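A.B. asks: First the structure, then my questions, so here it is.
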Amino acid sequence: MSLLVIDRETVRDLLPMGDCIALMHDAMTALSSGATRQLLRQIIPLDDGAAFGVMPGSAPQVFGAKVLSVYPGNFAKGLQSHQGFVALFDPETGRTVAMLHAGEITAIRTAAATAAATKVLARADAHRLAILGYGEQAHTHARAVALVRDLSGITLWGRSPEGAGKLARALEAELSLPIKIATIVREAVAEADIICAVTASREPILEGGWVADGAHVNLVGSSVAAAREVDDALVVRARVFADHRQGVLAQGGEVIHAIAAGLIDESHVLGEIGEVMSGVLAGRRADGEVTVYKSLGAITQDLFSGWHVYRRALAEGRGALVAF
C-alpha cells in the first residue's frame, strides 16, 4: 500500500491553465447537475486575519478533502497565502491514494474557474481586462482570462504601486500585452469589459456606478460572510451567478450584505455557473447587461484538478511514492 505525494512543481507542470479551464467547465457542470457532493466550507478564524479551513466532497471518480491555512500576509514574505494539501481517496476501496500541494492547485483552479465563467458570461467582443489586486491570484487570473478572450490590454490597480508595478512587468513579459497601472479603482475599471476583483479587502473597493454597461465582473477575493469587495449597488444592478449557490448564500459577503439591507432576496442569485455552462440557465441576455460571477471555491474544483494531476503523475512516473 502506497501513497503518492505530489509537490508544488509537479502540480504546476501537470495542470496547465488551458487544461484546467476545461476541467473547471466539467467540474462546475457536474456540481450543478448533482453528480458531486460537498458540504459548506468549514472555516476557523485565526489571529491577524488568517484562517484554517476544511473542504470535503466527492466526485464520480474520487472523493477527498482540502485542508489548508490561509495567511494573507505570506505574499509579502514570498510565500503562497494558501498552505496545505488535497487528499484523494479511491472510491472503490476507500484507500488514500494521493496528497497534493493545495496552494498550487488553488492558485491554478481558482483562476481557471473564473476564466471558464468569463467564457460564458462576458461579451464575445470583450477585450479590455481590469484586475484589482496584485498578488498570486492577480497573476493567474490575467493568464487564465487571456486564454478565453482576445485581450487588447490589461489595467492593474493595487494598494501598493510597487507591487502593481512588479506584476505589470511580469505580465508584459509573459503575455506580450500592454499593461497599464491605475492609481484609483475608478480609473482602472472605467473602460473595462471584464473586471477581476482578487483583493484581500474586507470593505468595498468597487462601486456599481463605476462599472460600464455590458461589463462582466468576477468577485473572487472575498471568501467569508463578513468581507465584500463591491458595494450593494453593483450586486443589485447585475445578473448574479454563483459557483455554488448554497455556499454563496451562506458565505458570500456581497450577496449577504445586500440581502440584509433589504435590497434583494435570495432569488437574485439566479443560479450556478454550471447551469449556464450546461444550457439549463440563461447567462448574459443582452450586450448591455452587467453580469457577476461570485466565486468562493468548491471542493469539486480541487477534486477534478487533483484527480487529473494524480492520473498524469502515475502515467509519467512523477511524484514520490511512500508507504502508508
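The values are calculated or read from the model by the stated rules, or taken from the named source; none is laboratory data. Please read all numbers here as calculations on a predicted model, not as lab measurements. When we count neighbours, we look across all protein chains shown, and the Cβ atoms used for this are built from the backbone with ideal geometry, even at glycine. With ligands, DNA and RNA removed, areas are computed over all heavy atoms of the protein, side chains included. Shrake-Rupley method; radii C 1.70, N 1.55, O 1.52, S 1.80 Å.
A.B. asks: Of the conditions (1) crowded, with 22+ Cβ neighbours inside 10 Å; (2) of a type in the set (Ser, Thr, Tyr); (3) over 18 Å from the mean Cα position of the chain (by Cα), Thr183 clears all except one; give me its number.
C.D. replies: (1)
A.B. asks: State all residues of the stretch 61-78 that are at pLDDT 95 or above and open to solvent by 70 Å² or more (accessible area, probe 1.4 Å); if no residue qualifies, say none.
C.D. replies: Phe63
A.B. asks: Take the residues in the stretch 195-217 that are modelled with pLDDT under 95 and not polar (S, T, N, Q), then tell me which one is nearest to Ala182 (Cα to Cα).
C.D. replies: Looking only at the stretch 195-217, we keep the residues that are modelled with pLDDT under 95, and these are 200-202.
In the following step, the residues that additionally are not polar (S, T, N, Q) were identified as 200, 202.
Working: Ala200: 18, Arg202: 21 Å.
Here the answer is Ala200.
A.B. asks: Looking at the stretch 290-324 only, could you name the residues that are in contact with an Asp or Glu (Cβ under 8 Å, 6 or more places away or on another chain) and among the charged types (D, E, K, R)?
C.D. replies: Lys294, Arg318
A.B. asks: Ser160 passes all but one of (1) touching a helix residue (DSSP H, G or I) at 6+ places or on another chain (Cβ under 6 Å); (2) surrounded by fewer than 20 Cβ atoms within 10 Å (Cβ to Cβ); which number fails?
C.D. replies: (1)
A.B. asks: A further question follows. Kindly indicate which of Ala130, Ala168 is among the hydrophobic types (A, V, I, L, M, F, W, C), in a helix (DSSP H, G or I) and either modelled with pLDDT under 95 or open to solvent by less than 20 Å² (accessible area, probe 1.4 Å) (or both). Can you show your working first?
C.D. replies: Working: Ala130 fails: in a helix (DSSP H, G or I).
From the options Ala130, Ala168, the qualifying one is Ala168.
A.B. asks: Still on this structure, please answer the following. So Ser81 ticks every box in (1) exposed (fewer than 14 other Cβ atoms within 10 Å of the Cβ); (2) within 19 Å of Glu104 (Cβ to Cβ); (3) touching a Pro at 6+ places or on another chain (Cβ under 7 Å); (4) not hydrophobic (A, V, I, L, M, F, W, C) but one. Which box is left unticked?
C.D. replies: (1)
A.B. asks: Being of a type in the set (D, E, K, R) and part of a helix (DSSP H, G or I) is the filter; apply it to the stretch 186-234 and report the residue that is nearest to Met277 (Cα to Cα). Quick ask: steps written out before the conclusion?
C.D. replies: So the first thing to find is which residues in the stretch 186-234 are of a type in the set (D, E, K, R), and the list is 186-187, 191, 193, 202-203, 207, 213, 228-229, 231-232.
Subset that is part of a helix (DSSP H, G or I): 186-187, 232.
Values: Arg186: 31, Glu187: 32, Asp232: 26 Å.
Applying the filter and picking the extreme gives Asp232.
A.B. asks: Something else about it: For the stretch 133-154, how many residues are under 20 Å from the mean Cα position of the chain (by Cα) and open to solvent by less than 30 Å² (accessible area, probe 1.4 Å)?
C.D. replies: Looking only at that region, the number is 11.
A.B. asks: Something else about it: For the stretch 209-220, check the following and say yes or no: at least one residue is open to solvent by 10 Å² or more (accessible area, probe 1.4 Å) and among the aromatic types (Phe, Trp, Tyr).
C.D. replies: Step one: list which residues in the stretch 209-220 are open to solvent by 10 Å² or more (accessible area, probe 1.4 Å), which gives 209-210, 212-213, 220.
Next cut, among the aromatic types (Phe, Trp, Tyr) only: 210.
Taking every residue of the stretch 209-220 in turn, at least one turns out to be open to solvent by 10 Å² or more (accessible area, probe 1.4 Å) and among the aromatic types (Phe, Trp, Tyr).
A.B. asks: Test each condition in (1) among the small types (Gly, Ala, Ser); (2) modelled with pLDDT of 95 or more; (3) open to solvent by less than 30 Å² (accessible area, probe 1.4 Å) for Ala51 and report the one that comes out false.
C.D. replies: That leaves (2) as the condition not met.
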